[in-house]
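First up is the structure itself, then whatever we jot down about it.
The values are calculated or read from the model by the stated rules, or taken from the named source; none is laboratory data. The shown structure was predicted, so the numbers you read here are calculated from the model rather than taken from an experiment. Heads up, the Cβs are rebuilt from the backbone with ideal geometry, glycines too, and the neighbour counts pull from every protein chain shown. Side chains are part of the model used for accessible areas, which takes the heavy atoms of the whole protein and leaves out ligands, DNA and RNA. Shrake-Rupley method; radii C 1.70, N 1.55, O 1.52, S 1.80 Å.
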Amino acid sequence: THPRWKDRLLGSVLDEVVRGSGEIDVYVIAGESEAEEPRPVAKPGRSPLPVLEWLWSIGGGVLTTLVAALMYGHFTLVDLAMVYLLGIVLTAGRASRGPTLLATLLSVAAFDFFFIPPLYTFTVNDVRFFVTFGVMFVVAFVISSLTLRVREQADGARQRERRTAALYSLSRELAHEEGRERLSAIAVQHISEVFSCQSVVLIPEDGGILAQPATGLHTYAIDQQEMSVAQWVFDHRQRAGLGTDTLSGAKALYLPLVAAAKTIGVVGILPTGPSFGPYNPEQIHVLESFANQAAMALERAALAEEAQQALLAAERESLRSTLLSSVSHDLRTPLAAITGAGTTLLRSEPELDASSRKELIQTIVDEADHLDRIIRNVLDMTRLESGAVRMNTEWQSLEEIVGAVTNRMSKQFQDHALVIKLPSNLPLIHCDGLLIGQVLRNLLENAVKYTPEGTDITLSASAGEKEVKVTVTDRGKGVPPEEAGRIFEKFVRGKHAGGGVGLGLAICREIVVAHGGRIWMENEPDGGASFTFTLPISHVPPRIEREPEEPVQQEAEEVRKKRDEK
């Protein structure tokens, strides 16, 4: 397996083992001759056949000889030797060790052949020139070796700088992105660009089985055999595949994405091109650095998803508890009133006069209506949050919506004066008339509930270029500053004996936001609060043309009125 002269010169390890084995038999078994030798890794920026470097070493020797010939007769032989040393240094800065050694030998031979008497022969009359040749060769060899070492260190530093910059760029992009798919795509892109390869990031599903990723520009397709290697890497948290001692028959190298808590996934690296083979230890170390950055980013995304799920679960539990406590309290009040009034009617019907009986029946009706509003608000809020409500948007007239709402609420305004200020130039609004009517009713009921008797409630509207603004203003005590920022949240209600569950304003916000508008609250300087919401004007309203029969119908109606008056 190696030349015999190495055993003669350096000794044989096998001979030492046999001599020290005593009575133990030693058998030497050769490895499999059919085993495929690993292909060398092609270094970026370096040609596999450095023919140009050999030509450069020969050309450099010829060029320095021509320069020395021009200087011959005008300078000493020492100066000519310095010219050859300069040529060797220049060659060492461009070529590898072999061509540099050739340039050193050619320079010494040319200096002897052309400039040491007798000229044009390798014969040397003066023995002292042998010392000059030896010193010249040693100095040239040392200088070339140092130059080569400095150049290799500079190349290594530049390569480390590029990889450090690539690692920093990867870390920076991963820090600004979220989601496993996006983070995996960024890691694949950077690994593929830095190492001139194709790569994939495999993330396990719920059962711990790695999922087949979608192939793209920088990825490659994985067959069942490659997937089994990746699954082994995920299960054992060790690298395997190409260039390793484990499952080396794989086409790609697979590294585990190990985070602090667990293994996040596996990254696969497939070298591309016929001259690329297994990666060397330094490249694997850099690949592991890239894998660690990707693992930390994927772990952060996974922890963020888990935290979001935990937060949603906590919010659902809190919402359930709040809903149960609020609804149970607010349902008991009207039910108790209905039960008390009904029991009184049932037991004391002969003893009650008509006025008392009517009062108890009115109590049952009012509390039943209160109970209906509570249940309706809870159901509406549930439907809005679950997305079960589908808006039936049509061109609607705000005057008609206001008229329908105020007619249904006429009994509630017995103790308040409702002032309606609607300009005549209000455009048609593309909205769901029932939902917007519910917004107006909730705002007006809220104003009636928190406004002292005998005060005015104002409903006004105005039209802008892009939106219509509707405002409901009362003359109550206003909203305390500590509650102003939470007034539109669920289960937030003011201090009122007849307060509901606290969903009316939250329902208003959901409906207005679903229409693309805004809603907010402001305290009035002279007392009271105003609730304002906007609806966008995003469409051109249709043009309504008067039908030709309409004037005839109007004339007939006028004639009918005059006849009735007579």
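Laid out as a table, the results:
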quantity	calculated
Every pair of residues 6+ apart whose Cβ atoms lie under 7 Å, when the first sits in the stretch 149-160 and is touching a residue at least 40 places away in the same chain (Cβ under 8 Å) while the second is open to solvent by less than 100 Å² (accessible area, probe 1.4 Å) and part of a helix (DSSP H, G or I)	none
Positions within the stretch 420-468 being within 25 Å of D526 (Cβ to Cβ), in contact with a strand residue (DSSP E or B) (Cβ under 6 Å, 6 or more places away or on another chain) and of a type in the set (G, A, S), in sequence order	A447, S460, A461, S462
Extreme residue, least open to solvent (accessible area, probe 1.4 Å), among residues of the stretch 250-266 that are small (G, A, S) and modelled with pLDDT under 85	A259
Index of the failed condition, I143 passing every other in (1) under 30 Å from L66 (Cα atoms); (2) open to solvent by 90 Å² or more (accessible area, probe 1.4 Å)	(2)
Subset tally (residues that are within 28 Å of the chain's Cα centre (by Cα) and open to solvent by 30 Å² or more (accessible area, probe 1.4 Å)) for the stretch 222-238	5
Residues within the stretch 77-129 that are closer than 26 Å to R151 by Cβ, outside any helix (DSSP H, G or I) and open to solvent by less than 20 Å² (accessible area, probe 1.4 Å), tallied	1
Those residues of the stretch 484-517 which are modelled with pLDDT of 75 or more and farther than 30 Å from R390 by Cα, in sequence order	none
Any chance V286 is within 23 Å of A166 (Cβ to Cβ), under 28 Å from the mean Cα position of the chain (by Cα) and in a helix (DSSP H, G or I)	yes
Residues located in the stretch 411-438, provided they are polar (S, T, N, Q) and part of a helix (DSSP H, G or I)	Q412, Q438
Test: residue in the stretch 454-471 that is surrounded by 19 or more Cβ atoms within 10 Å (Cβ to Cβ) and modelled with pLDDT under 90	no
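For (1) open to solvent by less than 40 Å² (accessible area, probe 1.4 Å); (2) of a type in the set (D, E, K, R); (3) in contact (Cβ under 8 Å) with a residue 12 or more places away in the chain; (4) at negative phi, each residue gets a yes or a no:
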{"residue": "T393", "(1), (2), (3), (4)": "no, no, yes, yes"}
{"residue": "S397", "(1), (2), (3), (4)": "yes, no, yes, yes"}
{"residue": "I401", "(1), (2), (3), (4)": "yes, no, yes, yes"}
{"residue": "A404", "(1), (2), (3), (4)": "no, no, yes, yes"}
{"residue": "S410", "(1), (2), (3), (4)": "no, no, no, yes"}
{"residue": "F413", "(1), (2), (3), (4)": "yes, no, yes, yes"}
{"residue": "A417", "(1), (2), (3), (4)": "no, no, yes, yes"}
{"residue": "K421", "(1), (2), (3), (4)": "no, yes, yes, yes"}
{"residue": "N425", "(1), (2), (3), (4)": "no, no, yes, yes"}
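Condition check ((1) without any contact (Cβ under 8 Å) to a residue 12 or more places away in the chain; (2) in a helix (DSSP H, G or I); (3) on the phi < 0 side of the Ramachandran plot) across all residues:
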{"residue": "S184", "(1), (2), (3)": "no, yes, yes"}
{"residue": "Q198", "(1), (2), (3)": "no, no, yes"}
{"residue": "Y220", "(1), (2), (3)": "no, no, yes"}
{"residue": "V229", "(1), (2), (3)": "no, yes, yes"}
{"residue": "L247", "(1), (2), (3)": "no, no, no"}
{"residue": "K251", "(1), (2), (3)": "no, no, yes"}
{"residue": "P256", "(1), (2), (3)": "no, no, yes"}
